[in-house]
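Here's the structure we're looking at; comments come further down.
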Amino acid sequence: MAFMLLLIITACAGVNPDAEEPDDLHSADANSIVVKIGAMGTRTSGNSISEKIKTLRIIMLSDGFIETNQLIDYERGEGSTAGVSDADIFTQKFEHITVAGNKKFYLIANEESVAELKFGEDTELPNWWEEGMSLKDLLGHYAKENLPSNGTVGYPGNGSAAELERLLSAAYFTPAYNITDNTIYLPYTAVYDNITATNDMSVKITKNMYLVPVATKFTFNFYNYRKEKVEVQKIELHELNSDSFVMPHLDDSELTKTYEGERYYWIDWLKIVSERTHDYEDFYPDSDDELLEFNDKAGWIDDYEVPDEKKESVKTIDKPAGADWTIEHLIDKDAPSTLTVVKYFPESIHLETKSVYNSETKRYEDVDLQTYYVSFGVKDILDTDLPVEIYVTDKMEFDKVRSLFRATHVIVDIDMFESLVEIYCQVAPWSVRRFQGYVQEEED
């Protein structure tokens, strides 16, 4: 059995990638702020699943108080996007005349997709919080109309803004990631700070911001080269977590990342790496080496935390009742019959100790690396009344998955032959651009 893994780092959509980036905002003088909001990691990848955005909440803090808490409902025709928007074309402009101060933005899309919020035992909950409340309940509580006249005022150690930030940071949930009529409303979040406004009305602060999906995405593409029909019964993913923080829990060392000698905020770094990955594939369409080298040099976001209260070692994707996961037999080897299965899961961390060669010390060293596995259950559809057993493969390691941080898309192409199954994997943006990865041969 041969296999390869394909890991996709997110691509950005919704905001013109060629738009001029704003100047550094740390010392900008302004009291007018314009924010252009797009979504990261949203393009479909040759499948029929539509990722959509129907609400967006914009929270702007100013020196410890809640200056703005605005909910835009696109289903009701609000905002710059008419109606519910496909995430890959989503844009929203936010313009606000502000008081002088240090600004911090929280952006949350599809808050209604996060049902019951949970908190660790050491989290101090306010008196008004009740078990079973949702993310919408949490964010709505801090809308200005729901606070006393002085309720938004506070400083880093107290006040409503400090309470909101503390709860947002601690909140986690068990995602459902429901796909209905081939449509999904993923939760998206982002946080941006270090934006300073003064009383100089002559300068306008402009900033591009990008929503990040609170999910990892798996796309399985099955290709049948056999003489018989094949029915996929199940897919098993091993060592994945079950819960997800609402906001990412990055180590301080990951908040900025380096690309070509420049430091970028981690969300902006994801955007740049995604765009450059597309560039490499455009310039080297027939070569794997350049893109492989680029991804190695660009790096990963792999130092982050996940909730540890609930962990599931195996997540099974069963064939849904009434669904047809049958793949027709081979007719044309250049156009085999296919089946695509797309599912979403929380970001995960599963570390295993591996022996890795260090080129500097010239020796193998034990290193803890994120490690994940997959197995499949399939059966041939034969022209016979005799029962056919389901064949379940051994666990196969996703050898190229260095991280399952949010906005990561793992694509696995499975070629099924008479006596062999080959799985091809790569590292590329959320939108599909193919290149070969590592192949490991095993006996069938």
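The values are calculated or read from the model by the stated rules, or taken from the named source; none is laboratory data. Since the model is a prediction, treat every value here as computed from it, not as a measurement. Because the Cβ atoms are built from the backbone with ideal geometry, glycine has one as well, and the counts that use them run over all protein chains shown. Note: accessible area is taken over every heavy atom of the protein model, side chains too, but ligands, DNA and RNA are not part of it. Shrake-Rupley method; radii C 1.70, N 1.55, O 1.52, S 1.80 Å.
Summed over region 243-289, the residues that are within 30 Å of residue 164 (Cβ to Cβ), modelled with pLDDT under 85 and assigned to a strand (DSSP E or B) give a count of 0. Cβ-Cβ distances below 9 Å connect the following pairs, each with a first residue in region 97-115 that is basic (Lys, Arg), a second residue that is open to solvent by less than 10 Å² (accessible area, probe 1.4 Å) and in a helix (DSSP H, G or I), and a separation of six or more residues or different chains: 104/161. Only one entry in 116, 95 is under 30 Å from residue 220 (Cα atoms), of a type outside the set (A, V, I, L, M, F, W, C), open to solvent by 60 Å² or more (accessible area, probe 1.4 Å) and at pLDDT 85 or above, namely 116.
Screening residue 38 against (1) over 22 Å from the mean Cα position of the chain (by Cα); (2) modelled with pLDDT of 85 or more leaves a single unmet condition, (1).
Residue count for region 358-378, restricted to those that are crowded, with 18+ Cβ neighbours inside 10 Å and touching an Asp or Glu at 6+ places or on another chain (Cβ under 6 Å): 2.
Quick one: count up the residues across region 54-77 that are buried (at least 16 other Cβ atoms within 10 Å of the Cβ), without any contact (Cβ under 8 Å) to a residue 40 or more places away in the chain and outside any strand (DSSP E or B). Lay out the reasoning, then the answer.
So the first thing to find is which residues in region 54-77 are buried (at least 16 other Cβ atoms within 10 Å of the Cβ), and the list is 54-69, 71-72, 74.
From the residues that got through so far, the ones that are without any contact (Cβ under 8 Å) to a residue 40 or more places away in the chain too are 68, 72, 74.
From what's left, outside any strand (DSSP E or B): 74.
Here the count works out to 1.
The set of residues in region 209-247 that are under 14 Å from the mean Cα position of the chain (by Cα) and either among the aromatic types (Phe, Trp, Tyr) or open to solvent by 30 Å² or more (accessible area, probe 1.4 Å) (or both) comprises 210, 218, 245. Pairs meeting the criteria (first residue in region 253-275 and under 14 Å from residue 406 (Cα atoms) and in contact (Cβ under 8 Å) with a residue 40 or more places away in the chain, second residue part of a strand (DSSP E or B) and open to solvent by 20 Å² or more (accessible area, probe 1.4 Å), beta carbons under 6 Å, at least 6 apart or on different chains) are 271/12.
For region 137-174, the set of residues classified as modelled with pLDDT under 95 and touching a Pro at 6+ places or on another chain (Cβ under 7 Å) consists of 162, 163, listed by residue number. The number of residues in region 303-356 being open to solvent by less than 70 Å² (accessible area, probe 1.4 Å) and assigned to a strand (DSSP E or B) comes to 18. Across region 132-145, the number of residues qualifying as open to solvent by 50 Å² or more (accessible area, probe 1.4 Å) and either in contact with a strand residue (DSSP E or B) (Cβ under 8 Å, 6 or more places away or on another chain) or touching a residue at least 40 places away in the same chain (Cβ under 8 Å) (or both) comes to 1.
Of the candidates 206, 189, the single residue that is under 21 Å from residue 135 (Cα atoms) and of a type in the set (Ser, Thr, Tyr) is 189.
Here residue 47 meets the list (1) open to solvent by less than 60 Å² (accessible area, probe 1.4 Å); (2) modelled with pLDDT of 70 or more almost entirely, failing just condition (2). Evaluating residue 401 against the criteria (1) open to solvent by 30 Å² or more (accessible area, probe 1.4 Å); (2) in a loop (DSSP other than H, G, I, E, B) leaves one unmet condition, (1).
The residues on offer are 196, 206, 189, and the sole one that is modelled with pLDDT under 95 and open to solvent by less than 50 Å² (accessible area, probe 1.4 Å) is 196.
If we scan region 205-225, do we find a residue that is assigned to a strand (DSSP E or B), in contact with a Lys or Arg (Cβ under 6 Å, 6 or more places away or on another chain) and either on the phi > 0 side of the Ramachandran plot or among the charged types (D, E, K, R) (or both)? No; the residues of region 205-225 include none that is assigned to a strand (DSSP E or B), in contact with a Lys or Arg (Cβ under 6 Å, 6 or more places away or on another chain) and either on the phi > 0 side of the Ramachandran plot or among the charged types (D, E, K, R) (or both).
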